[in-house]
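Just so it is clear, none of the values below were taken in a lab; they were calculated from the coordinates. Everything quoted here is computed from the prediction, not taken from an experiment. For neighbour counting, all protein chains shown are included, and Cβ atoms are generated from backbone atoms with ideal geometry for every residue, glycine included.
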Amino acid sequence: MSVSDHSSVPNCCNSFINRVTPVCDEIKINEEKLLHQILSLKPKKAIGDDVISGKELRSGGKSVVPGLKGIFMKSFETGKFPNTWKTAKIRSAFKKGKQIERKNYTPLSLLSILGKILEGQICINLDSHLKVNGAQAPKKWGFQEGKSTEYLLLHMTAF
């Protein structure tokens, strides 16, 4: 089902949904923000199942942006997310205590860096869409640009 497809909704509700639901018809890739995402990758970060490292992407810099933009746009157009970007390598990391005890390990899921970058681009588009359509709750503090935990605490203690 596409973002604006309401075929599974009863007819009596369609007009209401179309009236109150702002539709995000198009997802755009912001090349400047994509480049920023690439350049902020940690070069020693663990790689996912696609075996593409942050170091390789960073070294490519501006030259990888057009290719990634094309891949991401194709993903949006087809509605397909590459399987290797969904597959995680599971590893265990020692926390503390005796190494022979299972409780002293924590599981790690190593996901594809490209998948994380694509998800970041989707978040950028979603945040922008919510702001433009006034759909963000005014009292929502989590995951909003310019609204930190410290700012929330200052806001709460000011009353």
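Couple of notes before you dig in:
- Contour excess over end-to-end distance, with Cα ends at residue 69 and residue 36 and 0.36 nm allotted per residue: 10.5 nm
- Protection proxy ranking, peptides 115-122, 86-93, average beta carbon neighbours within 10 Å, highest first: 115-122, 86-93
- Spin-label model, residue 83/residue 136: points 7 Å from Cα along the beta carbon direction are separated by 3.8 nm.
- Built amide H within the under 5 Å cut-off of residue 105, gap 5+: 95
- Projecting the Cα atoms of 94, 64, 47 onto the dipole axis of segment 11-136, where Lys and Arg carry +1 and Asp and Glu carry -1 at the beta carbon, places 94 farthest toward the positive end.
- Unit charges on C-beta of K, R, D, E only; dipole of segment 11-136, Debye: 860
- Segment 72-128: C-alpha gyration tensor shape, a/c 1.5 cut-off, then a/b vs b/c: prolate
- Computed from the C-beta positions of residue 50 and residue 103 and an R0 of 35 Å, the FRET efficiency is 0.65 to the nearest 0.05.
- Cα→Cβ-extended label distance, 7 Å offset, between residue 94 and residue 59, nm: 3.1
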